[in-house]
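One structure below.
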Amino acid sequence: MRKKRTFIWGIGAVIALILIYLSVMTWYYPLSSFSIHKSYKYKPGKILYNDKTYGEIVNAFKKTYEKELVKEFESKGRDLDLTVVKTEYILPLFKQEWLLGTNSVTIKPDKLENMLFEVQHGRDIMLQLLADENYTKEQGDYLLASIKNLLHIEDSIRNIRDEKFITRKELKNSIRNLRGDFRDGFRFYVNPFYESTR
């Protein structure tokens, strides 16, 4: 009877140690293969650009851009300006909720996959624009710089996704930097590239 009780206590202690280990790993390495819930809650800060939030800048561009898009489809007798038309499909890349707001966002592996897909889709559209439109050398260079920016963002997302032992602190810094890269990518796509084509 005593041996049985000792055995049960031993198993209980092993299970408790495993649970403590997994809890510690989940806390310190939220996206590791040891993590019970592969997720990380990111609380973005409010960043201002000339007294405007990123969301206000995106919405201001969207209003202007939508007027240009309506004019483009109303115009008759000339080819569509693909820069205006295709921007409709690039804009969602930069309007993701986690980029616009300041509410906490849960980052999970599937969210990273969705981000990566959006970036690759945006890059493909930009490459298509580069092939289909007759840009000046300067405009082409601006668009190429935007494409390179998206390639950099892709690499950053893959690094976060694939790093098995990225600590909570490193993850916070990586996601903050990624958020900044997306925002910089938007600003650079709009000006100088998009504005240079108007």
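The values are calculated or read from the model by the stated rules, or taken from the named source; none is laboratory data. Keep in mind that this is a model prediction, so the values were computed, not measured. Cβ atoms come from the backbone with ideal geometry, glycine included; neighbour counts cover every protein chain shown. Just the protein is used for accessible areas: all its heavy atoms, side chains included, with ligands, DNA and RNA removed. Shrake-Rupley method; radii C 1.70, N 1.55, O 1.52, S 1.80 Å.
Here are the numbers:
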| quantity | calculated |
| --- | --- |
| Helices (runs of 4 or more DSSP H) enclosed by the stretch 82-198 - at least 2 residues per element that are open to solvent by 60 Å² or more (accessible area, probe 1.4 Å) | 82-94, 109-132, 137-162, 168-188 |
| Hits in the stretch 127-148 (condition: in contact (Cβ under 8 Å) with a residue 40 or more places away in the chain and under 17 Å from the mean Cα position of the chain (by Cα)) | Ser146 |
| Among residues of the stretch 14-73, those that are under 25 Å from Glu170 (Cα atoms), part of a loop (DSSP other than H, G, I, E, B) and of a type outside the set (Gly, Ala, Ser), counted | 11 |
| Checklist (1) at pLDDT below 95; (2) in contact with a Gly (Cβ under 6 Å, 6 or more places away or on another chain) applied to Asn149, failing item | (1) |
| Residue list for the stretch 29-61, filter: closer than 30 Å to Thr83 by Cβ, loosely packed, with under 15 Cβ neighbours inside 10 Å and either among the hydrophobic types (A, V, I, L, M, F, W, C) or at pLDDT 85 or above (or both) | Ile47, Leu48, Lys52, Glu56, Asn59, Ala60 |
